[in-house]
Amino acid sequence: MLNEIVKSCYKCVNAPCIIGCPLHHNIPKIMKLYQDELYLDAFNELFKNNPLLGICGDLCPHEEQCASNCRYYIKNNKRIKFNEIEKDLMNRFDIFDFKFPKVTSTTVIIVGAGPAGLASAIRLRQNGFKVTLCEKEDHIGGVVQYQIPKHRYDSDYLNK
């Protein structure tokens, strides 16, 4: 069924699934890369919009956002399981396995290791900055760690 969906996605002009996604992931492109077994390219396409895939992918209400806006779904009443593609890509690759560029002499201190602080730290580190995270709580993750029930996401992701 993925082939049928991907063919439909590539015919879609101004894809409403992208508009429905708060991060504006290029879902047709990611699905095409995934179908063509270019898994690392698909992962990188996801990662460039969201360095916290392991958390956000679990917490995202796909059915209410990208999936409910999909023209294929509206026409054929078949759900696109984009969250399953995200999960598969997260199982194949881990952002912590990638090599970051050599650190420059500049150090950036980020106060707060919640989602925004963590995403900022990853982006700064990707650009060669040395990053120090300061967090008053015992664990990183902020609102995700302390207010969202653990059954809703992979809590091991925050402990890496």
Checklist outcome for this item: Rounded to the nearest 0.05, FRET efficiency between LYS29 and VAL143 (Cβ-Cβ, R0 35 Å) equals 0.70
Next on the checklist: For the pairs LYS29/LYS81; LYS48/LYS87; LYS99/LYS130; LYS32/LYS81; LYS32/LYS99, flag any whose C-alpha to C-alpha distance is greater than 18 Å.
Outcome noted: LYS32/LYS99
Checklist outcome for this item: Once amide hydrogens are built 1.01 Å from N within the peptide plane, the residues lying 5 or more places from PHE129 or on another chain with amide H under 5 Å from its amide H are THR104
Checklist entry - Tell me, in nm to one decimal, what length is gained between THR104 and GLU84 on full extension, where the rule is 0.36 nm per residue of separation less the Cα-Cα distance? => result 3.4 nm
Next on the checklist: For MET31, what accessible surface area do you get with a 1.4 Å probe? Give it in Å², rounded to 10.
Outcome noted: 0
Next on the checklist: Taking θ = phi - 60°, what integer Hz values does the Karplus form 6.51 cos²θ - 1.76 cosθ + 1.60 yield along the range 86-94, in sequence order, with x for Gly and Pro?
Outcome noted: 4, 4, 4, 5, 5, 6, 7, 9, 9
Next on the checklist: Just to confirm a number: summing +1 for Lys and Arg and -1 for Asp and Glu over residues other than SER105 whose beta-carbon lies under 15 angstrom from that of SER105, what do you get?
Outcome noted: +3
Item to check | For the range 82-155, with +1 on Lys and Arg beta carbons and -1 on Asp and Glu, the positive-most of THR132, ALA119, THR106 along the dipole | outcome: THR106
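The values are calculated or read from the model by the stated rules, or taken from the named source; none is laboratory data. Since the structure is predicted, the reported quantities are computational estimates derived from the model, not experimental observations. Methodologically, a virtual Cβ is constructed for each residue, glycine included, from the backbone with ideal geometry; neighbour enumeration extends over all protein chains shown. Keep in mind that these areas ignore ligands, DNA and RNA; they rest on the heavy atoms of the full protein, side chains included. Shrake-Rupley method; radii C 1.70, N 1.55, O 1.52, S 1.80 Å.
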